[in-house]
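The next block holds one structure in the form of structure tokens; read it before the comments.
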Amino acid sequence: MKRLACIVGARPNFMKIAPILRAFRNYEDVQPVLIHTGQHYDQALSDIFFQELQIPHPDISLAIGSGSHAQQTANILVAIERLLIEKLDAGLGFDRMVVVGDVNSTLAATLAAAKLRVPVAHVEAGLRSFDRAMPEEINRLVTDALSDLWLCSEPTGVQHLIAEGKPKSSIHLVGNVMIDTLLSQLDVARSRDTLKHYDVIPGNYNVVTLHRPSNVDSKLALSELTDVLIRSARTLPIVFPVHPRTRLKLNEFELLSKLESDRNIRLTNPLGYHDFLCLTSQAKVIVTDSGGLQEESTALGIPCLTMRENTERPITVEMGTSTLIGNDAEMLDYYLQQVICDKYKQGKCPEFWDGKAALRIVHLVAECT
């Protein structure tokens, strides 16, 4: 029996691991062990995703919690190392670790595995923003440096890994496992009454999510973006699930009350996967700084105004529905008007974003373990 340590820790991981765990059910000689580091530990950002995506209860929960990047990464590293050693001493060592994405849990678990000579498969390998000010970019670089099986969601990932000297024989374009989850859950999500709850009409509202420091930590930048959103909401109502960190900044900069008092803007707490997908899949436009939403909007054919200067997912811009805006309020205003006037570009769904990425992933992992 091949034993696999499958690591999750934060909200983006859950959508990626769910179809992989389901696909492993077809392999009687493979035992995936789900290890939840607890990097995201509150009900809104963690537990509800396990429930809605029917992810099995974690076999092991580490409950690490929050902290600075260094503290959180160090705590996860220590906990994973201890766990790997304990399992090895008990005769239950792991034959391989599977990590997904680019959060601190991904980095820390990979480092612990590499030190103990447990081979690592990285799902969503090779993505690069070339911006080392992003903590996720550091996580991606180190994870790929220590992995031995690279499973890529888009062709640029393959190109970057080859350019970095990784062996071609261990690099595979498998498609986007996030889209597996999206396609499998779309009908369930759209059957919900979420739009009615927020009093919006299909194809006639804007979904906004912002959390990155470049957008929310500067009072000037956040004030200008808020003004554009308020103006645009006169024509296109907004549903804005507010990340806890963003809510703190909006309140600190005395902007929260402006948004709360606007009858065309619906502020909410972070939503579960089904409610959120119900909203995003039927929106006129999405304004976001989320990496995953760039991909999901491309698969859905929904215009996406990405509030970032760069992206590790260039296929969503080159082929898909995303446009990089940075935190430029004037550009945001311009492209919102393009969307409202139906002059925005049309996108295409990339190859292998077909709902079968997990099947390709588990085949390769089982074969290479």
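The values are calculated or read from the model by the stated rules, or taken from the named source; none is laboratory data. Here the structure is a predicted model, which is why all the values come from computation and not from measurement. Because the Cβ atoms are built from the backbone with ideal geometry, glycine has one as well, and the counts that use them run over all protein chains shown.
Being small (Gly, Ala, Ser), buried (at least 17 other Cβ atoms within 10 Å of the Cβ), more than 26 Å from residue 273 (Cβ to Cβ) and at pLDDT 95 or above is the requirement here; does residue 125 meet it? The answer is no for residue 125. Cβ-Cβ distance below 7 Å, separation of 6 or more or different chains: which pairs start in the stretch 342-369 with a residue that is of a type in the set (Asp, Glu) and end on one that is modelled with pLDDT of 95 or more? Final answer for the pair search is 354/175.
The C-beta contact set for the stretch 146-164 (first residue assigned to a helix (DSSP H, G or I), second residue aromatic (Phe, Trp, Tyr), distance under 8 angstrom, 6+ apart or interchain) comprises 157/150; 161/150. Every test in (1) touching a residue at least 60 places away in the same chain (Cβ under 8 Å); (2) in a helix (DSSP H, G or I); (3) crowded, with 19+ Cβ neighbours inside 10 Å is passed by residue 266 save one, and that test is (2).
Can you tell me which residues in the stretch 95-111 are part of a loop (DSSP other than H, G, I, E, B) and surrounded by fewer than 24 Cβ atoms within 10 Å (Cβ to Cβ)? First the steps, then the outcome.
Filtering the stretch 95-111 down to residues part of a loop (DSSP other than H, G, I, E, B) leaves 95, 101-103.
Result: 95, single match.
So for the stretch 67-83 (the condition being assigned to a loop (DSSP other than H, G, I, E, B) and surrounded by fewer than 24 Cβ atoms within 10 Å (Cβ to Cβ)), does at least one residue qualify? Yes, there is a match, as at least one residue in the stretch 67-83 is assigned to a loop (DSSP other than H, G, I, E, B) and surrounded by fewer than 24 Cβ atoms within 10 Å (Cβ to Cβ).
Can you tell me which residue is modelled with the lowest pLDDT among those in the stretch 206-243 that are more than 23 Å from residue 196 (Cβ to Cβ) and touching a Ser or Thr at 6+ places or on another chain (Cβ under 6 Å)? This residue is 211.
Just the residues that are modelled with pLDDT of 95 or more and of a type outside the set (A, V, I, L, M, F, W, C), please, taken from the stretch 284-308.
Going through the stretch 284-308, the residues modelled with pLDDT of 95 or more turn out to be 284-289, 293-308.
Of everything in the stretch 284-308, those that are modelled with pLDDT of 95 or more and of a type outside the set (A, V, I, L, M, F, W, C) turn out to be 284, 288, 289, 294, 295, 296, 297, 298, 301, 303, 306, 308.
Of all the listed residues (280, 246), the sole one being closer than 25 Å to residue 203 by Cβ, modelled with pLDDT of 95 or more and buried (at least 16 other Cβ atoms within 10 Å of the Cβ) is 280.
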